[in-house]
Amino acid sequence: MTTAETPRQIAWARRRASLARTWREFAAQRTALAGLVLLGATVLVALLLPLISDESGLNVTKATGQPLSPPTGEFWLGTDNFGRSVLLMTVWGTRISLLVGFSAALLSVVIGTLIGITAAHFGGWVSATLLRFTDFFLVLPSLILAIALSAVLPKGVGTIIVAIGLTAWPSTARLVRAQTLTIESRPYIERAHALGGGHLHVIGRHVLPGVMPLVLANTTLVVGNAVIADATLSFLGVGDPNSVTWGLVLESALNNGAISRGAWWNVLPPGIAIVLVVLFFTLVGRGLETVFNPRLKK
Amino acid sequence: MGAVVAAATLAAIPLAVPAQAQQAKVLRVALTTGIDHLNPFTAVLAASTQIGRFTFEFLTVPDAAKAEASPALAESWTPSADKLTWTFKIRSGVKWSDGQPVTAKDAAYTFNRMLTDENARTANGNYVANFETVTAPDDTTLVIKTKTVQVNMNLLDVPIVPQHIWEPVKDLKAAETDDVKIAGVSDGPFQVTEYKPNEYVKFKANKDYWRGAPKVDELQLLQFKDTEAAVNALKQGEVDVINRLNPNQFAALQGQQGITTNAAPGRRYDELTLNFGVTDNANNPIGDGNPVLKDFNVRKAIAQAVDTKTIVDKVLKGLGQAGGGVVPAIYAAYHWDPSDAERIKFDLAAANTTLEQAGYKKGADGVRTTPAGAKLELRLTGHANRSYDQGVAQYVTGWLKDIGITVKQDLVSDDELSDRTSTGKYDLAIGGYGTNPDPDYVLSLHTCAARPSPEAKGGSTDTFFCDAAYDDLYKKQLTETDDAKRADYVKQAQARLYSQIPTIVLDYQNTLEAYRSDKFAGFTTQPQPKGAILEQTGYWGVYGATPAGTANAADSGSGNTVLWIVLGAVVVVVLVGGGVLLGRRGKSAEDRE
Amino acid sequence: MTAPEQAAVLADPGEHRGGTGTARFVLRKLLEAVISVLLVIVLFFFLFRMLPGDPVAAMTRDRVTSPQQIAELREKMGVDKPVLVQFGTYFWNLLHGDLGESRLLNNGRPVADMIGERLWPTILLVGSATLLAVVLGLWLGIRAAWRRDSLFDRTQTGIALTLWSVPQFWLGLMLLVVTGGLFPSRGMHSPDAAPDVLSQTLDVLHHLVLPCVTLLAVFYAQYMLIMRSSLLGEMNADYLTTARAKGLRDDLLRRRHAVPNALLPTTTLVFMQFGQVVAGAVTVEAVFSWPGLGQLTYDALHGPDLPVLQGVFTVLASAVVLMNLLAELLYRVLDPRVRTS
C-alpha cells in the first residue's frame, strides 16, 4: 500500500471534490435541476428517436391521414396539410432544432472564447482592436446580421448554423474577456510567467480551465437563443426546406392556410415545443451562472 | 401580466373611435402584392397595372365574355390593307375627372410621350417599340403607323392619360407623379382619392363614366402581407373580395356564412421540367444539369413515379385538373390529353424496373447508382414562397426516394429561380406558364428558336426543348388556316412534347377567390360564365360589383373563432401558470442569503 | 439576445471609470461611433456583393431591353469595375443620401425614399414598445427585488423567464388569433377613420396595440430580470448595510440609494439592447403588416431585393450605433462615480 499520493492524484481528488461541490450548489436550485432533467429527457428522446419511431411518416407520399384532420385517437395532435402526424413532426423536429441550436452555440462560443481570451491575455493594440471589434458586433442586432447572411448564402442547415453562430459570439467574448482578466490578475499566473510558462501554457493550463465553467453556462443560454433564431429565420423564409425543424413546421402551417382553417394543432405544438426547450436551457443556464459567476454569488 | 394590463387599457380605445356610419357603398379589395407607382407610365407591378386599369380607359379592352378585344375609348378600329396603318375612331363625350374632354389628342400624346421619353416606356414600352408615328388628325381620329406588322394592335394594353396634366411633367420618375393631383386625373370607372403607400389606395366611383356609373360609391384596395392575413380580414368583414387563395384557405371559406367562393378554371399550367442536357440556340451545352437526365430511361422512370392525380387531389385539394399537354383544359379546342396507349402511367414498380433495366442498380442504402458508380441524386428547385411548390417538392421527393433517387430540395426566390432555369443550372424545376386563348404562344415556348442565345439573351423557353419533329408541327399550325386541321397539329405537337419528357405537365390549377356575399350580390367575371373576379385583364370585376340589396353585413363570428379564442386563452393560462409554478417551485440560489 | 445575468456583466460600470477629461471622452466616443458606422457600411456592402448572379440581368428580366440599354445600365451601375471602385461610388452616393435603387419590389425607386416613408412607423413602434417595456420592466424589477422570494417576486420572475423563451413572431400570431378581431390585424391606418386629428391618432393607437404588446412582452421581461438582479446586488452593498444600521427607513433607502444606483447599469443595457428591439420589430411588423422598415425587410427578403435589404440593414445598424453612442454619453453625465473619478 502506498501512503504518499502523487500530485496527480491530489489534483484529481481536488477536482472531484470541486465538481461535487458544484453539483450540490446546482442541484440545490430546484428549478435549475428540473430544467436539467427535462432537458436531458428531451435530448435523450431526440437521440433515440430513430430506434423508437419510423421516419417514413415524415414522407408525404406515405402519409396516411386526412389533410388537416383535428386530433384523434390515431393522431394525437392531428395532421398537417398533407395528412402527416403533427406529433411525429414535432418530435422529429427536436432533432434538427437541437442540432442547429447546439452547433450554432458551439461555433459562437468557440469564436467568442478565442476572441475573449486573446483580447484579455495579450493586451496592447491587439486587445484594444479586438475589444472595439467585439463592441461593434455586440451593438449590432445579431438577428439582422443572421438574416443578411442567410439571405446571401445558399439555403441549408449549414447556412443557418453559420448565420447564427457567426453573429451570436460577441457577448461570449465580452464575458470571457472579463473572466480572463480576473484570473490573470491572480498571483499564481504571475508565478507561472516567472517560471517561464509561455502564452500557450498559461492560457491552456490556467486561463482556459478557469474560464470554462462560465463558458459552459453561457453556451447553455446561447443554445436557447439559437433555437429561437432558427425558428425566426424559417418564419422569414430563409430557413432550410430539406429538414424538419419546428420553424419549418410553423412556416409551412402558416403558408398552407392552417390558421384560416382553424387548425390550431398545426401551430401550437411546434411553438410550445420551442418555448419549453428554450425555457429548459434558460433554467439550466441560469442555474450554472449562479454557481459559477462570482458576481452573482452572495 | 403587465403586458396584459397594458393591452386591456388600450383595448378601450376602439370604443372611443367613432364608428363611421356606413351609408356609402364601399367595395374593399384585399391586395397581397405590392404597389410600386400610381403613375401609369412607371407602374410595373401587377397590382399597380390593375390600378391603372380601374382608373384609366384604354383604346380597347378585353371583353368580359371571352377576353377578346372590344371597344372602349376607340369605338372602332381598322387596319390598312398592308396592316401597317391602324385608324382608331375615338369616342366623343368622354370626360376627364377635371371636366376636360378626352380626345384623340390625349391618346396621341400618350403614345408619343412613350416614343420620345425613355421613362415613359418603363411599363408598356414593348407595345410602342415597333411604332413609326402616332398622329391625331382630329379629336376623334387616331392613326398609328408601325414599322412592321404588329399582331397586338387591336389590344394595346396602354392607359391613355390626359395631355393637359402630363405635358407639364418633365421628369416621369419624379415622386410627385404618384401624387393624386397628377395620377388621380382619370376617365375610368374609378378615380384615386387617397394613397397611403404600403397601406391602402382609396377610389371614388366615376359618376360620369361613359359606360354608366359603377354600382358602388367607393373602392378601397387594402394591402396585406399575405393571403393568410387577407383571409382573416375577409372572415372579420374587414374586406369584401380576396384572391390568390391556396386550396386550404379556399376550403376554409367554403360554406362559411356570408361568404361565397369562386373557383375559375385556370389559364395556367404547372410543370416539372427535367434538365435533359440543355443547350443554347447555337446548340452549346449550358448550365450544370446532372448528366444522368440525358438518359431517356431516367426521365421516363421519373415520369412514371410522378402521380399527377395525387398532386391534384392532395396539393390542390381537387381544385384543378391533372395535366396532359401544355394547352390547359379550358381551351378545349386545342387541349390534348394522352390516350391510354400514349399515357405514361403512375407505377412505382414499373419505374423501378425501368431504372433496373437501364443499368442503375440499387445500393444497400436504397439509392441507385449509375453504371459508372455515381449516386442518383437530383436537385429540385422551385419558388420558395409558394405553398404549391413546397407541396409538390415534398411529393416528388417522396416518390423518387421510392425508386432509388435522392432529391435535394432547393426552393429559392422567384428571382433566383428564373436565374437558374434560364441558365440551365438545375436538375428538376417546378415551373409553369400562363397561357392565352390562342395556342401559338405556349407552343412557341418549346421551339428551338425559343432557347437563349450564347450570350444568354432572348430566351423564352423553360424546357429548352429542341426537336425537329416538334418544330415542324409548330410551323404547320402557324400557317394552317383551317381551324380543325390547325387544332390537330397543335395536339400533335403537344403529344410529341409529352413523349420526349423534357417536362411533365402536372396540372392546371383553378383560380381561387372569395367574397362577402352578404354585402355583394355578384361581380362580372372574365371570361364568362365561369371566370375570375379579380384575376382579369380589365375592370369588369370591380366595375360590375353589385351590392347586396339591404343586407347589413353581420360579423360572422364563426365557431372557429370562438375555438381559437378558447384555445388561445388556454395557452396564455398555461404560459402564465407555468411561470407562476416555476416561481413557486423553488428559489434559485442567487435569491438565498 | 443576451441573457439578463450576462447582460449585467456586460454593462460593467467599472469599465467606464477612467481619468480622461470629458472633452476627450466625448471626442473618443464620437470617433468610435463614426468608425462603427463606416464598418457597418463596409460590412453590408461586401456581404451583399457575395451573392452570385448578375445584377443587371436581374434588373432587366421580363423587360424588353436592347443590348445598348443593357450596356448603359452596366456602365451606370459600374458592375464591370473593380469592387473597390464600386465601393467608392456607393460610398460617395451614400454621403449624398443615395442608397441606390430598388430592383424588384419597387422597380427603380430610390431606396432612400422607400426607407424614408417607412421610418416613422418603425420609430413609433420601437419607441413606444421600448418606453413601455422600460417602465414596466423597471417597476416590476424593483418591486420583485425589494420583496424577494415573495409570491409576487417568484411569479413575476417565472412569467418573465417564460416570455423570454417565446419566439416573437409566434407570440404575435397567437395574440392575433386570441384577440379575434378586437384589434385590427393589419397596417397602421383604417381607411374609414374620420380625417380629424383625434380620430386619426386614436386609429393609429388602436392599430398599434397588438404589435406593441408583442414587442414589449419579450423585452420588458429582460429589463425586469436585469433590474431585479442589479438591485439585489446593490442591496447587499456595504453602504446600505451601514445606512440600515443607522436606522434609515427601508423605503427611503430604496428610493434614495439602491434604486438610483441599480438604475444605471440597467439603463445602459436598455440602450445596448436597442438593437435587439429593432431586430424584433422586423418579425413583429411582418406579422401585423405594420408599414415600417421590418415589413420592408420581410418583403425585400422574398425577392430578394438586395439594394433594399442593404439599405435597410445599413440604416438600422447605424441607428443602433448612434443610440449606443447616446447611451454612453448619457452614462457619463449621469453616473456620479464616473464624474468624480
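No value in this document is a laboratory result; all are computed from the given coordinates. All values derive from a computational prediction rather than experimental measurement. Cβ: placed from backbone, ideal geometry, glycine included. Neighbour counts: every protein chain shown.
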> What is the packing order of peptides B:492-503, A:129-140, taking the mean over residues of other C-beta atoms within 10 Å and listing the highest first?
Replying inline: B:492-503, A:129-140
>> Show me, for region B:540-548, the HN-Hα J-couplings you get by feeding each phi into the Karplus relation (A = 6.51, B = -1.76, C = 1.60, θ = phi - 60°), rounded to Hz, glycine and proline as x.
In response: 4, x, 6, 5, x, 4, 10, x, 5
>> How tilted is helix A:7-28 with respect to the longest principal axis of chain A? Cα atoms for both, answer in degrees (0 to 90, nearest 10).
In response: 50
> What are the chymotrypsin sites (Phe, Trp or Tyr not before Pro) within region B:193-250 that DSSP puts in a loop, where the Cβ has at most 10 other Cβ atoms within 10 Å?
Replying inline: none
> What list do you get for C:His207, A:His199, A:His193 if you sort them by fewest beta carbons within 10 Å?
Replying inline: A:His199, A:His193, C:His207
>> Neighbour counts of other C-beta atoms within 10 Å: give me A:Leu33, A:Leu98 arranged from fewest to most.
In response: A:Leu33, A:Leu98
> If you count, for every residue in C:305-316, the Cβ atoms of partner chains within 10 Å of its Cβ, what is the mean?
Replying inline: 2
> At what distance in angstrom do the alpha carbon centres of region C:148-170 and region A:71-145 lie from each other?
Replying inline: 22
> Counting other Cβ atoms within 10 Å of each Cβ, which trypsin sites (Lys or Arg not before Pro) in region B:39-83 have at most 15 and sit in a DSSP loop?
Replying inline: B:Lys66, B:Lys83
> Binned at 10 Å from 0, what are the whole-percent values of the Cα-Cα distance distribution for the protein assembly as shown, short to long?
Replying inline: 2, 8, 16, 21, 20, 15, 10, 5, 2, 1, 0, 0, 0
> Near the amide H of B:Glu271, under 5 Å away, which other amide H atoms are found, from residues 5 or more places off or on another chain, if H is placed in the peptide plane?
Replying inline: B:Gly431, B:Gly432, B:Leu506
>> Which entries of B:Lys294/B:Lys362; B:Lys235/B:Lys519; A:Lys155/B:Lys314; B:Lys181/B:Lys235 have Cα-Cα distances beyond 24 Å here?
In response: A:Lys155/B:Lys314; B:Lys181/B:Lys235
> Amide H neighbours of B:Asn281 under 5 Å, counting only residues 5+ apart in sequence or on other chains, H built in-plane at 1.01 Å?
Replying inline: B:Ser453
> Just counting partner chain Cβ atoms within 10 Å, what average do the residues of peptide A:79-85 show around their Cβ?
Replying inline: 3
> Can you give the average number of partner chain beta-carbon atoms within 10 Å of each beta-carbon in peptide A:55-63, as a whole number?
Replying inline: 5
>> Sort B:Tyr441, B:Tyr539 by Cβ crowding within 10 Å, fewest neighbours at the top.
In response: B:Tyr441, B:Tyr539
>> Along the Cα→Cβ direction, 7 angstrom out, place labels at B:Asp440 and C:Leu94. What is the inter-label distance in nm?
In response: 5.1
> How high is the relative contact order of region B:64-207, in percent, counting Cα pairs under 8 Å that sit 6 or more residues apart?
Replying inline: 21
> What distance in nm separates the simple spin-label points at B:Thr546 and B:Lys362, each placed 7 Å from Cα in the Cβ direction?
Replying inline: 6.1
> Using Cα pairs under 8 angstrom and six or more residues apart, how large is the relative contact order of region C:216-308, in percent?
Replying inline: 21
> Taking Cα centroids, how far is region C:275-329 from region B:63-95 in Å?
Replying inline: 49
> Long-range amide H contacts for B:Leu31: which residues qualify at under 5 Å (H placed 1.01 Å from N, peptide plane, sequence gap of 5 or more or a different chain)?
Replying inline: B:Leu222, B:Gln223, B:Phe224
> Are there any helices in chain B, counted as whole DSSP H runs, that stretch 24 Å or more along their axis by Cα and score at least -1.0 on average by Kyte-Doolittle, and if so which?
Replying inline: B:559-585
> Which whole-number percent gives the relative contact order of chain B, counting Cα pairs below 8 Å spaced six or more residues apart?
Replying inline: 17
> Angle between the Cα long axis of helix A:208-235 and the longest principal axis of chain A, 0 to 90 degrees, nearest 10?
Replying inline: 20
> Per-residue ellipticity at 222 nm for chain A, helices alone: DSSP H runs ≥ 4 residues times -39500 (n - 2.57), over residue total, nearest 500 deg cm²/dmol?
Replying inline: -24000 deg cm²/dmol
> Looking at chain A, which longest stretch skips every one of the GluC sites (Glu not before Pro) that is in a DSSP loop with at most 15 other Cβ atoms within 10 Å, leaving the sites themselves out?
Replying inline: A:75-298
>> Show me the ranking of peptides B:159-170, B:523-534, C:304-315 by mean Cβ neighbours inside 10 Å, starting with the highest.
In response: C:304-315, B:523-534, B:159-170
> 222 nm [θ] for chain B, helices only, -39500 (n - 2.57) per DSSP H run of 4+, per residue, to 500?
Replying inline: -8500 deg cm²/dmol
>> Based on alpha-carbon centroids, what's the gap between region B:355-405 and region A:220-248 in Å, whole number please?
In response: 26
> Roughly what angle does helix A:170-184 make with the longest principal axis of chain A, taking Cα atoms, 0 to 90 degrees, to the nearest 10?
Replying inline: 20
>> For region A:145-213, what does the convex hull of the Cα positions come to per residue, in cubic angstrom?
In response: 103
> Expressed in nm to one decimal, what extension gain is obtained for the pair B:Asp138 and B:Ala484 from 0.36 nm per residue of sequence separation less their Cα-Cα distance?
Replying inline: 120.2 nm
> According to a simple spin-label model (label point 7 Å from Cα along Cα-to-Cβ), what is the distance in nm between B:Asp208 and B:Lys170?
Replying inline: 3.1
